[in-house]
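What follows is a single structure, written as structure tokens, with notes after it.
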Ligand code: ADP
Ligand code: MG
């Protein structure tokens, strides 16, 4: 979803601004925000972003749940929705099975600032990077940032490997079945190509 200017959705923006600034409450779905009543009508813009969450060290399930809580509390962000938790076998990696989920947030942060904030949450869980694809207490990847395509030294959006990974696509499609990946088209069309990757929902 692209950044939404206040002129296009003032009611939604006003409601969401209060939630983001005050960091209280969750929004069950985008449509809940879109039906909110306007009050001061102040200019405001936010971006909807999707975050991939994974962990396979320590209390992986607890770490993913805590990451969702921290996303909700993050200044300039509010948690709009979270997928269920999934268990997946490591891909290009080692160690225990992963616990994965995807979150949808609304944020006033720019993409680079959001990535830094995600790294801060990883650090709070003692994330270390001893070697590429090492087991991790917590990994937060910025999958989608509005409809933007970004290629900087530190950030590539959409996440370059998101269409190759069931642990991203399956929870993402649970949250947003019709989601479009900028430059790549409907996420749904990639589901078949990852169907052989082991992934199971945690009931
Ligand atoms: P992994 O690719 O296994 O998630 P890391 O979490 O260690 O590996 O990330 C390595 C680097 O990838 C980070 O330092 C970050 O700057 C960069 N990066 C580029 N694009 C993204 C993105 N969309 N989301 C998260 N990290 C990204
Ligand atoms: Mg990462």
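Derivation of every value follows stated rules applied to the coordinates shown; laboratory data play no part. The model shown is predicted, which means the values in this text are computed figures rather than measured ones. No Cβ is skipped: glycine too gets one built from the backbone with ideal geometry, and neighbour counts run over all protein chains shown.
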Margin query: Just to be sure I understand the model, the point goes 7 Å from the Cα along the line to the Cβ. What's the resulting residue 96 to residue 178 distance in nm?
Written below: 3.9 nm
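According to the square roots a ≥ b ≥ c of the eigenvalues of the Cα gyration tensor, what is the shape class of segment 97-203, taking rounded for a/c under 1.5, prolate for a/b larger than b/c otherwise, and oblate for the remainder?
Details: a/c = 1.66, a/b = 1.13, b/c = 1.47.
Cα axes put segment 97-203 in the oblate bin.
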Check: If one computes the Cα centroid of segment 153-187 and of segment 53-107, what distance in Å separates the two points?
Finding: 15 Å
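For segment 58-148, what D do you get in µm² per second when you plug the Kirkwood radius from alpha-carbon pairs into Stokes-Einstein at 20 °C and 1.002 mPa s?
Using the Kirkwood radius from Cα pairs, D works out to 155 µm²/s.
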Notebook entry, point to check: What order do you get for 48, 194, 157, 102 when you list them from fewest to most C-beta neighbours inside 10 Å?
Noted result: 194, 48, 157, 102
